[in-house]
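Below you'll find the structure, written out as structure tokens, and then a few comments.
The values are calculated or read from the model by the stated rules, or taken from the named source; none is laboratory data. Keep in mind it's a predicted model, so treat the numbers as computed, not measured. Note that we place each Cβ from the backbone using ideal geometry, even for glycine, and neighbour counts take in every protein chain shown.
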Amino acid sequence: MWEISIKNALGRLAFPLDKLDDLLASTGIEPLAVSVAHAVAAGGLSRHHADPFDRMLIAQARLERLVLVTEDAALARYDVAILGKQRDPST
């Protein structure tokens, strides 16, 4: 939600932030706080991907043994379980 909130504020994404709590409750999604361990792990990742938001998601997925849902093929270069349509980043 951190990245969505920033992109929403910049006008690069339309998202109903005022309905966030209801959306999370209706989908069963549970927020995961960013911990010190997550931050340290994200900082220590190989530089396959430069986006700090994606690096944090990778670190959290690895540490919490979660599946990362993404279409970003570059994230598959990390040792993390991924669910999503992978596309060639060169296209």
statement: Taking the range 41-70 and keeping only residues that are under 11 Å from the mean Cα position of the chain (by Cα) and among the acidic types (Asp, Glu), one is left with 51, 54
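Taking the stated definitions as given, is residue 79 touching a residue at least 12 places away in the same chain (Cβ under 8 Å), among the charged types (D, E, K, R) and loosely packed, with under 13 Cβ neighbours inside 10 Å? Reasoning before the result, please.
Working: touching a residue at least 12 places away in the same chain (Cβ under 8 Å): yes; among the charged types (D, E, K, R): yes; loosely packed, with under 13 Cβ neighbours inside 10 Å: yes.
When the stated conditions are applied, residue 79 passes them.
So, in the range 37-65, exactly how many residues are surrounded by fewer than 11 Cβ atoms within 10 Å (Cβ to Cβ) and either outside the structural domain of residue 78 (by TED's automatic domain parsing) or among the basic types (Lys, Arg) (or both)? Spell out how you get there, then give the answer.
Going residue by residue through the range 37-65, those that are surrounded by fewer than 11 Cβ atoms within 10 Å (Cβ to Cβ) are 44, 46-47, 50, 65.
With either outside the structural domain of residue 78 (by TED's automatic domain parsing) or among the basic types (Lys, Arg) (or both) added as a condition, the list becomes 47, 65.
Number satisfying all stated conditions: 2.
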Yes/no for residue 55 being at pLDDT 90 or above and over 18 Å from residue 2 (Cα atoms): no
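Taking the range 24-34 on its own, how many of its residues are over 24 Å from residue 76 (Cβ atoms) and either in contact (Cβ under 8 Å) with a residue 12 or more places away in the chain or aromatic (Phe, Trp, Tyr) (or both)?
Of all residues in the range 24-34, those over 24 Å from residue 76 (Cβ atoms) come to 24-28, 30-31, 33.
Pick out the ones that are also either in contact (Cβ under 8 Å) with a residue 12 or more places away in the chain or aromatic (Phe, Trp, Tyr) (or both) and you get 31.
Going through the range 24-34 one residue at a time, the tally reaches 1.
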